[in-house]
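Take this structure first; my questions come after.
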Amino acid sequence: MIDFSQYTIEELANALYLKMDSEGFSKGTDKTKWREPIVAEKLGHKAHTKISSGKGTEGYGSDAFDPSSTEYCEYKSQAIEKGQLRNLLQESKTLKNGNTREYVPLSITGVYNGFNNNFDIASVEYAKKSHYFSIFYKEKCVLVIKVNTEHVMSTLISNYEKFAAKGSKGTTNLNSVTINLADKHLYEIAYKDYEFFNKKH
């Protein structure tokens, strides 16, 4: 690992931008774009170098391509803090009566910006994609799950219908899908950093 104390935040951010630019990624430090090639590398996918595959293309709305399945993939990522590790790792706590109980499993949320205001296209195109939700801790990817596409779509469409019933008022960027890690029937593990999960934090 580099000695980050020798660099300013700006210098490190600039280095990340230049590294991604050298690999063909446009605006690699915009939002969480830089996480996409990390997830893609873990899964054996090919991340798109542009912010998003554009309208009218086969990969519309996707972030990567899976050459083994020939599927286009949508990525969502969530950063967690130290206090959430106990939920992710399913640690146990001791109750006042001396019994132990596991912390509630972590929930992962993926936000689908623009789905509501582009419903006619998005409701069709996103149904063709594979959906991956990743967890980052201290900006290291520790878990990636592949979420059931039918669940993703039914949730997004249900949220949209509620949005439309209210007269389409409010922001269009609140359509999201949340997966509780206890609901294992809704996802499969695509990548897990076992060294991270097995060590004491």
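Just so you know, all these numbers are worked out from the coordinates, no wet-lab data involved. Quick caveat: nothing in here was measured; it's all calculated off a predicted structure. Here the Cβ is made from the backbone with ideal geometry for all residues, glycine too, and neighbour counts use every protein chain on show.
Over 23 Å between Cα atoms, which of LYS76/LYS138; LYS42/LYS199; LYS33/LYS192; LYS46/LYS200; LYS50/LYS184; LYS82/LYS129 qualify?
Details: LYS76/LYS138 17 Å; LYS42/LYS199 20 Å; LYS33/LYS192 21 Å; LYS46/LYS200 33 Å; LYS50/LYS184 32 Å; LYS82/LYS129 32 Å.
Correct reply: LYS46/LYS200; LYS50/LYS184; LYS82/LYS129.
Among the GluC sites (Glu not before Pro) within segment 1-47, which fall in a DSSP loop and have no more than 12 other Cβ atoms within 10 Å of their own Cβ?
Numbers: sites: GLU10, GLU11, GLU23, GLU41; in loops: GLU23.
Taking segment 1-47 and a limit of 12 other Cβ atoms within 10 Å, the loop GluC sites (Glu not before Pro) found are GLU23.
So what J values fall out for segment 145-154 if you push phi through Karplus, 6.51 cos²θ - 1.76 cosθ + 1.60 with θ = phi - 60°, rounded to Hz, Gly and Pro as x?
These are the phi-based 3J(HN,Hα) values: 10, 9, 8, 4, 5, 4, 5, 4, 5, 5 Hz.
Over all directions, how big on average is the projection of the convex hull of the alpha-carbon atoms in the chain, in square nanometres? Don't jump to the answer; show the numbers that get you there.
Working: hull surface 59.7 nm².
Taking the Cα atoms of the chain, their convex hull projects to 14.9 nm² on average.
When we measure straight from the Cα of LYS140, which aspartates and glutamates land under 15 angstrom away, once same-chain ones fewer than 8 places off are left out?
Straight-distance partners of LYS140: GLU36, GLU41, GLU81, ASP193, GLU195.
Got a sec? How would THR29, THR70 order by Cβ neighbour count within 10 Å, fewest to most?
On the way: THR29 16, THR70 7.
Neighbour counts put them in this order, fewest first: THR70, THR29.
Next up: Would you pull out the residues with amide H under 5 Å of GLU74's amide H, same chain only if 5 or more places away, H placed 1.01 Å from N?
Amide H to amide H, under 5 Å and 5 or more residues apart or across chains, GLU74 pairs with ASP63, SER130, HIS131, TYR132.
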